[in-house]
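Take a look at the structure below.
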Amino acid sequence: MKKTPPTSTDKDTTALMQSVSEKATLLSQQHACKVHPLVFKIVDSEETVIGYLKEPPREVKLRMMDKGISSPITAASEVLDAYLIKSESDPRIYTDGADNDKYYIGATMEAYDLVKIAVNQFKKK
């Protein structure tokens, strides 16, 4: 089977993800905590949106896990609101208005994935 060579889009995506990861590492050092990049696409425009989320402290993680079982999207939005590094994130994520809902909801869903990972880490096997 012949392998298809990477396209310029693949290379662009790889370069973008590497750049975002490097920036998250730099922000982790600046904020003295782990920083998670939030990268997602807006479906109707194929636009890539980037944000950076500080990892919350232990107490918040515990509350997030409790709430994540019954209301995971609400837990994710609360974490997003409290720990988004606004100065380094796309401003449409945190700017109110119906036109920006898709950015906020997209970032919330990315944060939701982090909540799911946190909850699943501690489930009994």
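Of all residues in the stretch 44-71, exactly one satisfies the criterion of being touching a Phe, Trp or Tyr at 6+ places or on another chain (Cβ under 6 Å) and either among the acidic types (Asp, Glu) or more than 28 Å from ALA15 (Cβ to Cβ) (or both), namely PRO56. Checking each residue in the stretch 88-112 for being in contact with a strand residue (DSSP E or B) (Cβ under 9 Å, 6 or more places away or on another chain), in a helix (DSSP H, G or I) and within 16 Å of LYS54 (Cβ to Cβ) picks out GLU88, ILE93, ALA107, GLU110, ALA111. Count of the stretch 25-75 residues, restricted to those that are in contact with a helix residue (DSSP H, G or I) (Cβ under 9 Å, 6 or more places away or on another chain), under 16 Å from SER89 (Cβ atoms) and small (Gly, Ala, Ser), is 1. Inside the stretch 48-64, residues that are closer than 16 Å to LYS34 by Cα and loosely packed, with under 15 Cβ neighbours inside 10 Å make up a count of 3.
Throughout, read-outs are computed from the coordinates displayed, never taken from laboratory work. Everything numeric here is computed off the predicted structure, so don't read it as measured data. Every residue, glycine as well, gets a Cβ built from its backbone with ideal geometry; the counts of neighbours run over all protein chains shown.
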